[in-house]
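Here the structure is laid out as structure tokens; the discussion comes afterwards.
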Amino acid sequence: MQDQIIGFIGGGNMANSLVGGLVSNAYPADKIIVSDLDEKKLAFLNEQFGVNTTQDNVGLAGRCDILVLAVKPQHMRSVVEPLEQAVQSNRPAVVSIAAGIREAHLEKWLGGGVPVIRCMPNTPALVKTGATGLHANAFVSEEQKDRTESLLRAVGVTVWLDNEQQLDIVTALSGSGPAYFFLMMEALEKAAVDAGLEQKTAQLLTQETALGAAKMALESSESAATLRERVTSPGGTTEAALTVMEEKGLRDIFAQAVDAAKHRSIALSEELGG
Ligand SMILES: NC(=O)c1ccc[n+]([C@@H]2O[C@H](COP(=O)([O-])OP(=O)(O)OC[C@H]3O[C@@H](n4cnc5c(N)ncnc54)[C@H](OP(=O)(O)O)[C@@H]3O)[C@@H](O)[C@H]2O)c1
């Protein structure tokens with residue numbers, strides 16, 4: 001893997017976290033090349049991680065083994081179409097981390113028959129605790145899949161999906177999911193402050209409780225339902241709180257929220273591919 005040249009088009013937040021993850025996992029910095037319009041971002045990446053930089057997207061597509069497309073979804077088509085010739089002759093594995101851009105659209109913009117891997121990472125990738133869903137089209141080899149998985153594993157866990165449509169569900173679950181937990185933390189914190197705790201105390205206890213619950217769930221072989229039942233004594237405080245949540249329809253709220261996000265993801269894919 002370490003002999004592969006990894007090229008990034010777009011040197012923003014996600015590229016920064018992926019490059020940082022690769023370099024801290026001892027991937028050779030001289031095998032990483034980042035292209036961006038902004039010279040300041042490139043200078044930062046070079047100083048911070050020692051990676052090579054360029055502003056020549058076509059030249060980069062013509063010489064790397066893995067080409068990571070890390071620009072905003074709305075810029076993707078105009079960034080990708082000029083790469084067609086370079087990609088057709090060099091044939092790198094094209095890895096897109098953009099939300100809502102389908103494999104078929106990327107393939108078409110690149111002239112057809114191109115190995116494309118679509119990934120949906122999430123923001124905790126910025127602190128190396130990301131969760132990424134991946135799907136590969138029929139032109140991707142097992143070796144290219146392994147290499148792409150290693151790249152994304154530098155910033156968290158990875159899961160391969162059976163079909164591309166499942167990426168809309170991943171978007172609704174882990175892609176948008178950090179915001180659901182932030183909202184819950186915000187609400188819990190406010191409830192504790194309203195009940196009489198100091199804001200800093202409420203914030204610390206909320207954050208540590210979220211971290212502790214996630215850690216317990218990850219380290220246990222039991223389901224979340226079993227872990228919840230274990231900490232809910234009949235007639236106790238937890239049961240009193242959970243009864244309110246159940247009666248107010250918390251499960252239904254999550255079902256509707258995930259469904260709404262999934263449908264928005266599908267609609268965005270249609271808009272962006274047009
Ligand atoms: N941030 C996340 O947590 C997250 C999670 C999942 C997926 N994603 C996906 O990751 C992708 C990147 O997100 P991000 O947050 O890293 O965005 P970002 O910080 O805006 O980075 C994108 C970079 O691409 C540059 N760029 C634009 N046009 C270019 C061109 N023609 N050639 C080279 N570089 C160009 C942008 O420059 P300018 O700023 O000058 O336009 C910017 O520096 C998006 O498609 C997003 O959907 C992000």
Most mobile listed residue (Lys200, Lys108, Lys262) in the chain, GNM with C-alpha springs under 10 Å: Lys200
Likely footprinting exposure, Tyr27, Tyr180, fewest C-beta neighbours within 10 Å first: Tyr180, Tyr27
Isotropically averaged projected area of the range 177-269, using the convex hull of Cα atoms (one quarter of hull area), nm²: 7.8
For the chain, built as a Gaussian network whose Cα springs stay under 10 Å, the top-fluctuating residue of Asn57, Asn13, Asn122: Asn13
Net charge over other residues, Cβ less than 13 angstrom from the Cβ of Met120 (K, R count +1; D, E count -1): 0
Normalised alpha carbon radius of gyration of the chain [divisor 2.2 N^0.38 Å]: 1.15
For Val68, residues with placed amide H under 5 Å, excluding near neighbours: Gly7, Phe8, Ile9, Val95
Choice from Ser221, Ser174, Ser150 with maximal GNM fluctuation in the chain (Cα, 10 Å cutoff): Ser221
Percentage relative contact order, the chain, counting C-alpha pairs under 8 Å, at least six apart: 15
Antiparallel bridge percentage (DSSP; both residues within the range 6-165; nearest 5): 15
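Coordinate-derived values only; no laboratory data. In this text the structure is predicted, and so the values were computed from the model without any measurement. Note that each Cβ is placed from the backbone with ideal geometry, even for glycine, and that neighbours are counted across all protein chains shown.
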